[in-house]
Amino acid sequence: MKRQLPLILVFIFGVFMIFQYFVPHESSEWVFEFLLDWVYIIGIFALALGIWSLVRVSWDKIHKRKENWPYAIVTLFGLAAMIFFGFDYGRHFFSAEGLENFMFRHFFDYIMIPIQATMFSLLAFFIASAAYRAFRARSLLATLLLMAALIVMLRFNPYLGSFVAEYMEKTASWLLNVPNLAAKRGIIIGVGLGIVATALKVILGIERNYLGKD
Amino acid sequence: MEVMSMGTFLWTSLGAFLTLATFSFLYKDNPMYKLAEHLVVGVSAGYFVIILWHNGLQPNLFSRLDDGNFYFFWLNSSRPWYIIPAILGAMMWTRFSKKWSWVSRWPIAMYLGIATGLSIPLEMRNRVNMQLYSTMREVNWENFFGNGFLDPTAGYSGLLIFLGVLAALFYFFFSKEHTGLFKGVARFGIWILMIGFGTSFGYTVMARISLFIQRIQVLGDYTKISWSGASGAFLTVWFITFGIFVALGLYELAKYIGNRRTAA
Amino acid sequence: MKLKLLFLSCLLLAFMSVAMAQENQDDSLPARISKVNVHAEVVDSVRIAQIHWRISSDDGNGNDNIKEYVILRGAGIKGPFEERGRVPAGRDMFIDTLFRINDLEDSILALSTELAPSPITNLRGHDKDNDHGHAIDLLWDISADDGAGEDNVIAYTIFRADSLPNTFFYRGVVIKGGTSFDDVGSKEHESDSYMPDFYDYYYKVRATTFDYIPGTSDYYYVIRTVANDTSKFQDSNPALCNNSIFTDSEIFGPVQCYGQWFNTARIPVLVFVIGFLLVTIYFIKKARGGAKLFIRRLAGIEAVDEAIGRATEMGKPILYVMGLGVASEIATIASFTILGRVAKKVAEYQTGLIVPCYDPIVMTIAQETVKASYMDANRPDAYTDDMVYFVTQSQFAYVAAVNGTMLRELPATNIYMGKFFAESLILAETGALAGSIQIAGTDEIAQIPFFVVACDYTLIGEELYAASAYLGREPILLGSLKAQDYAKAGVIICALLGFVTINFGWDGLAQLFQVPNSFFANLFGGPN
Amino acid sequence: MNIFDRMMSLDRRWVFLLLALVCVITYAIPFPIKINVTNEVSSVFNFIDTLKENDIIFVAIDYDPNSLAEMHPMTYSIVEHAFRKKLKIIFTSLSQNGPGMADLAIRDIGDSIRVTKTYNGITYQGREVVNGIDYVFLGYKPYPALVIVGMGQNFRLPFPTDYYGTPLDDHPLMQGVQNFDQVKCVIDISGTSGVDMWITYGQGRYNFPLALGLTGVMAADYYPYLNSGQVFGILGGLLGAAQYEKMADNPGRAIDGMRVQLYAHMVIILFIILGNVGFLMSRQKKRL
């Protein structure tokens, strides 16, 4: 009941889905669509878990006065405000006016977008200092890698003089379309087999990590 | 140059402020960065809740449970069975109770079964069959040396792709010690791989930089617009927004120099 | 208790939603007609426009407040529209007379007959292969006036009748030169384009010109839904009636469509999946049986051992970072195995070990692993829980913390194993600055370049799994790794054979691997 | 402590400062820069350019604000180009924080379509882009793989209503549009792993023409699909966007950014070289 039933469920659904791919008949498609339709709903409930645990963690922080607990208040404020606006100040719960709500949109456009975009743009600086302090031609392989990288980066550089620039361009596109292609294809095939192997193990009940410990 | 309303200006100022607050992490971790960071965590979570509700539960579940002719909960909606996924979904929430968490395994199992089963033939087809098929290409023997410098369509390029794929695959072959001939093949494989990674690397640098460029562009537009529409009110906000950072910067600089002195 | 609460809250939500949703229903205007379908026909020398529509959702059911439909016609899409007739609620078609051919002056009549293109010939069709039914493939030979002769054909319009004698419905259009059309219907009953299986269909293909009978033109029809309260009505979108000169082919049919039970075009995938399945099962069984399965040594792993030795000499700790992955990810699982091995050696050499974690669950498992290794090394006393500690779940904060540790402790060796994202380069950089030996391994392809250039040894992609299989000898991991190895070998051999054969001018073998696969489809294929 | 060690031990913040200065200065001083268009980009442009009026294309805006810098220029140039050609577009956003941005982008592009403009010598009259007639924005659903497969069966399966809560059947555009069969091509502008889903679950199962707009980080990894014909075009990072803008003769943020990109690259390359010189020298010293 606790361990067996999940394994059986996984097996049944998994095997059905595999063979559904080879059975175009509408009766199989009917079941297929039914399942898909259900899975979204289940999935959405599952995602709500993440939000809930965020709330719990923040609340715990405030409650136990852990370090930086005031910031947890900020987090919860953001969450609450967004939900409040999203339901159009609590006026429309079951129609999507909230998505058009002025505050909702402005919070998204002028708080979420700037911060998220900027957070990632910090990497521009880290890559610069890493380039300076860490990216070393330690070995033949690292040298090879750096060389390829430099060529790709110099691709559209006009200061090399038209002659060199042209060859840079050609070399870069050749590197991309020939050795890069070969390398990535090798990886893709390998990874593909890896994914399929894992999926098979899950369906056959060999891989059971998702059950967790009990 | 457009002139914006005070309201929009204040909002954009907030955006600019938060942008700089986030950048201040480059100097060191500081309260303003922490503020921005935690704020965005909360806001994006809230945003996600709303999107899940209005684009998820509402259309896919609630609106289906209720289609007009309704007086006793879902029982006489025309699609009452939609309560089943709802209950399965609710089971997920038992995750939080020690005693009942095993209940949540059923919906997980269902989801996992469907997802994995779906993936197997498709991944096989896309990553293995198709890639294998397109590896078996006819080499352009007529024009083996291509026209011009490093021509990707030339015969030797085609041949190189084929050999490269095999070598790269072989490098990830673990059942054989890399000795003799295999050593050479694996060596060639790793070279090909490294060039591949190199190109990714070059692209990645570009990617990271462009993230920063966009921020500059946004800030640039902001300053341009606000200056162009400069009025007393605009300028005050402007100075408040940036004054904070200038002051902070000077303070830190002073401290830095001070430390240098004491160190020397 | 908590469970009950959660359950109740969910049901309550659903209930509320249903109750609230009642209010948001707007029954002010009669529902507009969504689909209008018009085309010209010639019935005993009268050119008529056949107008079909889908009755309003308020007609019969819904609010059921429809009085009648008013048919409006205009010369342009914007109107002006004049009324052409009315039909009571429930009706879904109307026939509008455009002009009587007998009324035309002889000159115009002659002109129109002269301009009429010659019809398409040899119209044939069959059920669409490898699908769920509800679709028919049509083929024909182009009209003599398409590209040749008068050369005034601009398009072929496909019409379908569900039984004879019956009105034909517009199904689609193909521009001049086209010789085939897939009439793909829907399988949903409620859909406009529903196309039942095992049902006799009749087709005709119309060769259309760009010439009009003088004084006539295309028309646009609008269906107005009028409620019992006649002040309330809504118009449909205008629907075009192409009124140019045309010639119909002779009717083809009956033809039926039906679903197939097996998609022959996908056989290669089936073969691959089953083959791989068998290999995987075989090797996992074998590994469980305790068979010695050979895995080659990996430079990275060798490096781990000597790095630990070096750390001991320097009397500095070892930093082990598990990355941002969650406990269920393969990379993280592999990382646990390697951590176990590292911890064991560390315990033997009596060096320090620091494991900052990003995920609380990962942390608990890591603690178990390390403790177990210390047991194996018979030094349980040396183990303390704060070797493995949880930092935070926000990416940059985590990185900042780990960097701090690196610069404070100056570990002799940093080991990064698991899932890494943008933080990889920041970690590797700081590590390099601290002058530690760095060993990395991840299956996150995008991050490998940073590790390669900033670390001394890197386990690339699958090497990470291999390493953990090599160290852990854990049957499942080992078995599936072996299976993948043999699959790779198979792929390599197939590629070689295919490549050689295709370059000696025989592409038969290569064709076998393509998906969707024409070879198998034709082998077991349908009528064509 | 010789010069190289000092070079190495320089505080990273100086590096940050240098990069920032270079970028800001180059941004402040505009100058044109030559951009060569590569095949993988031009194939996307040509495909869209040769479509007929009222053809439907499908654009997936699958990125979060954090990769907006690279992806937005692509979205803007591609979608504007399509709207100018009077194509009809179905949008989705299968990335968690995407929909709001997609909504924003669509409204912005709508504004720019209102003005009459001339691209590549062809003058396009300004017009109103109407939701439901010119485009439909389906919105967001979690689990891209399942959603994509669902859409392949019928758009109404995962998306009973669009982003704004309107039932799909109420949109004239969606009349008779069941699934990808009625769509001329799918363009996935993606900063997430959703792109793998589009290739595997979308193209793999329903064989529609697929083009990709990718972040620079991912771009190089998808060339094999280009070569195997599973994908007909790739826009890689800001450069790809700039190339598209160039072909569409509609310069925007990407082309504007390329000159900064150029100098930033040179700075980075300089750093790499400096660092390695220092590294090699210090190694020489150790050898002695």
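None of the figures in this text is laboratory data; all of them are computed from the coordinates on show. Since we're looking at a predicted model, the values are computed, not measured. Note that each Cβ is placed from the backbone with ideal geometry, even for glycine, and that neighbours are counted across all protein chains shown.
On the basis of the beta-carbon distance and an R0 of 45 Å, residue A:143 and residue A:56 show a calculated FRET efficiency of 0.35. Which Cα, out of B:225, C:503, A:160, lies furthest along the positive dipole direction of the protein assembly as shown (beta carbon charges, K/R +1, D/E -1)? Positive-most Cα among the choices belongs to A:160.
Helix screen, chain C: DSSP H segments with Cα axial length of 30 Å or more and mean Kyte-Doolittle hydropathy at least 1.0 are C:2-23, C:267-288, C:475-503.
Average 1/r across all pairs of distinct alpha carbons in the protein assembly as shown, invert it, and you get the Kirkwood radius: 33.6 Å.
Most simply put, segment D:37-257 has about 15% antiparallel DSSP beta bridges, counting only bridges with both residues inside it. The trypsin sites (Lys or Arg not before Pro) of segment C:129-235 that DSSP puts in a loop, and whose beta carbon has at most 16 other beta carbons within 10 Å, are C:232. The value obtained for segment D:37-257, namely the Cα convex hull volume divided by the number of residues, is 106 Å³ per residue.
With the contact rule set at Cα under 8 Å and sequence spacing of 6 or more, what percent relative contact order holds for segment C:299-473? Relative contact order of segment C:299-473: 28 percent.
Each of residue B:235 and residue C:296 was given a label point 7 Å from its Cα along the Cα-to-Cβ line. The distance between the two points is 7.2 nm.
First select every other residue whose beta carbon is under 9 angstrom from the beta carbon of residue B:176; then total the charges, Lys and Arg +1, Asp and Glu -1. That works out to -1. What you get for the protein assembly as shown, charging only the Cβ of Lys and Arg (+1) and of Asp and Glu (-1), is a dipole of about 6360 debye around the Cα centre.
Rounded to the nearest whole Hz, the Karplus-based 3J(HN,Hα) values (6.51 cos²θ - 1.76 cosθ + 1.60, θ = phi - 60°) of segment C:236-249 follow the sequence 7, 6, x, 10, 7, 10, 6, 10, 6, 6, 8, 9, 8, 6, with x at glycine and proline. Note that segment D:276-284 has calculated 3J(HN,Hα) couplings of 5, 4, x, 4, 4, 4, 4, 5, 3 Hz, one per residue in order, obtained from phi through the Karplus relation 6.51 cos²θ - 1.76 cosθ + 1.60 (θ = phi - 60°); glycine and proline are x.
Amide H to amide H distances under 5 Å link residue C:32 with no residue, where only residues 5 or more positions off or on other chains count and H is placed in the peptide plane.
Ranked by how many other Cβ atoms sit within 10 Å of their own Cβ, fewest first, the residues C:273, D:24, B:49, A:10 fall in the order D:24, B:49, C:273, A:10.
Summing charges over all other residues whose Cβ lies under 11 Å from the Cβ of residue C:180, with Lys and Arg as +1 and Asp and Glu as -1, gives -3. Amide H contacts under 5 Å for residue C:98: C:47, C:48, C:49, restricted to partners 5 or more places along the chain or on a different chain, H placed in the peptide plane at 1.01 Å from N.
About the Cα centre, and with charges only on the beta carbon of Lys, Arg (+1) and Asp, Glu (-1), how big is the dipole of segment C:36-255? Nearest 20 debye, please. Please list the in-between numbers first.
Values: 19 positive and 37 negative charges, 116 e Å.
Here segment C:36-255 has a charge dipole of around 560 debye.
Ranking D:242, D:120, D:227 by how far each Cα lies toward the positive end of the dipole of segment D:37-257 (charges on Cβ) leaves D:120 at the top. Counting only whole DSSP H helices of chain A, the ones at least 30 Å long by C-alpha along their axis and with mean Kyte-Doolittle hydropathy no lower than 0.5 are A:26-63, A:113-133, A:181-203.
About its Cα centre, chain B has a charge dipole of approximately 960 debye under the convention of +1 per Lys or Arg Cβ and -1 per Asp or Glu Cβ, with nothing else charged. Summary of the geometry: segment C:329-407 and segment B:127-144, compared by the centres of their Cα atoms, lie 46 Å apart. Within segment C:397-439, which residues have the backbone N less than 16 Å from the label spot 7 Å out from residue C:310 along Cα→beta-carbon, could you tell me? Once the point is set 7 Å along Cα→Cβ of residue C:310, C:410-416, C:428-439 turn out to lie under 16 Å by backbone N, inside segment C:397-439.
Taking Cα atoms only, the orientation of helix D:12-28 departs from the longest principal axis of chain D by about 50 degrees.
Shown here for segment B:107-145: chymotrypsin sites (Phe, Trp or Tyr not before Pro) in loop regions (DSSP other than H, G, I, E, B) with at most 12 other Cβ atoms within 10 Å, namely B:141, B:145.
Taking the inverse of the average 1/r across all pairs of different Cα atoms in segment C:36-255, what Kirkwood radius in Å do you get? Display every interim value, and only then the final one.
Values: mean 1/r = 0.0528 Å⁻¹.
The answer is 18.9 Å.
Identify which of D:66, D:250, D:131 has the largest mean-square fluctuation in a Gaussian network model of chain D, with springs joining Cα atoms closer than 10 Å. Top of the fluctuation ranking is D:66.
Show me the ranking of peptides C:284-296, A:131-143 by mean Cβ neighbours inside 10 Å, starting with the highest. Display every interim value, and only then the final one.
Values: C:284-296: 14.5, A:131-143: 21.4.
So the order, starting with the most tightly packed, is A:131-143, C:284-296.
Label separation (residue D:182 vs residue C:285): 5.1 nm, computed from points 7 Å beyond Cα along the C-beta direction.
For segment B:190-208 and segment B:153-182, what is the centre-to-centre distance using only Cα atoms, to the nearest Å? That distance is 19 Å. Near residue B:121: Cβ cut-off under 14 Å, other residues only, Lys/Arg at +1 and Asp/Glu at -1. The net charge is +3. Under a 5 Å amide H cut-off, with hydrogens placed 1.01 Å from N, residue C:125 pairs with C:139 among residues at least 5 apart or on other chains. Between segment C:121-191 and segment D:8-78, the C-alpha centres lie 44 angstrom from each other.
For residue C:162 and residue B:144, what does the FRET efficiency come to when R0 = 45 Å and r is the distance between their Cβ atoms, rounded to the nearest 0.05?
Working: r = 59 Å, r/R0 = 1.32.
Rounded to the nearest 0.05, the efficiency is 0.15.
Nearest 5 percent is fine: what portion of the DSSP beta bridges confined to the protein assembly as shown is antiparallel?
Working: 69 of 112 bridges.
Counting only bridges with both partners in the protein assembly as shown, antiparallel ones make up about 60 percent.
Treating r as the C-beta distance of residue C:378 and residue C:474 and R0 as 25 Å, the FRET efficiency rounds to 0.65. Each residue of segment A:94-105 was assigned a 3J(HN,Hα) from its phi angle through the Karplus curve 6.51 cos²θ - 1.76 cosθ + 1.60 (θ = phi - 60°); the sequence is 10, 9, 7, 3, x, 5, 8, 4, 4, 5, 4, 4 Hz, with glycine and proline shown as x.
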